[in-house]
Amino acid sequence: CPDLIRVLARQLSDTAIAAILNRAGKLTAHGASWTRSHVCSLRNINGIPVYREGERAERAEVTLDEAADILKVSRTTAYRMVSSGTLPARQLCGGAPWIIQLADLQRDAVCREADARRSRRPISRDPQQNLF
């Protein structure tokens, strides 16, 4: 679990990490469910820095919900764009938030797909056809 916590600590608070580990069915070394203090203790023992608010923004990363707001689509639509491969995103483990690079939200293909999904018309692979 230290490696997973090391990665999650770059994205989430100790409380959120504990919730993800519990949802994933992971137990502590003593067979207990995870709490904020368990995560904090493991981080300290392994020299893993605590998550800082604003850290994701410094790396130009947004969550799926934030991406949906930026693209002016629903969370479900943004998730479908991730699932279809139109919107690149990574999820550190099941239950963790999807992380999206801000630059990817400005890609032509992503913007065209968001526009098409908002207007509920199918997107053509040929950008010229979308002009009519």
Under the 7 Å Cα-to-Cβ spin-label approximation, His30 and Thr15 lie apart by a distance in nanometres of 2.3 nm
Computed from the beta carbon distance with a Förster radius of 22 Å, FRET efficiency for Ser37 and Asp65 to the nearest 0.05 stands at 0.20
Given unit charges at Cβ for Lys, Arg (+) and Asp, Glu (-), the dipole magnitude of the chain about its Cα centre in debye, nearest 20, is 320 debye
Read-out Cα Rg over 2.2 N^0.38 Å, candidates (1) 1.30; (2) 1.88; (3) 1.39; calculated match is (1)
Ranked output for segments 47-56, 107-116 by mean other Cβ atoms within 10 Å, highest leading, reads 107-116, 47-56
Taking 0.36 nm per residue of separation between Ser119 and Glu53 and subtracting their Cα-Cα distance, the length gained on full extension comes to 20.2 nm
With label points set 7 Å from each Cα along the Cα-to-Cβ direction at Asn44 and Ser84, the distance between them in nm comes to 4.9 nm
The rounded separation in angstrom of the Cα centers of the stretch 69-87 and the stretch 1-40 is 28 Å
Val7 and Thr76 label points (each 7 Å along its Cα→Cβ direction) are spaced in nm at 3.0 nm
Dividing the mean separation of Cα pairs under 8 Å (6+ apart) by the residue count of the chain yields a relative contact order in percent of 21 percent
Env charge @ Asn44, Cβ radius under 13 Å, K,R +1 / D,E -1, value +2
Expected max-MSF residue from Ile99, Ile45, Ile70 in the GNM of the chain (alpha carbon, under 10 Å) is Ile45
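Read-outs throughout are calculated quantities, based only on the coordinates presented, and are distinct from any laboratory measurement. Computed from a predicted structure; not experimentally measured. All Cβ positions, glycine included, derive from the backbone under ideal geometry; neighbour counts span all protein chains shown.
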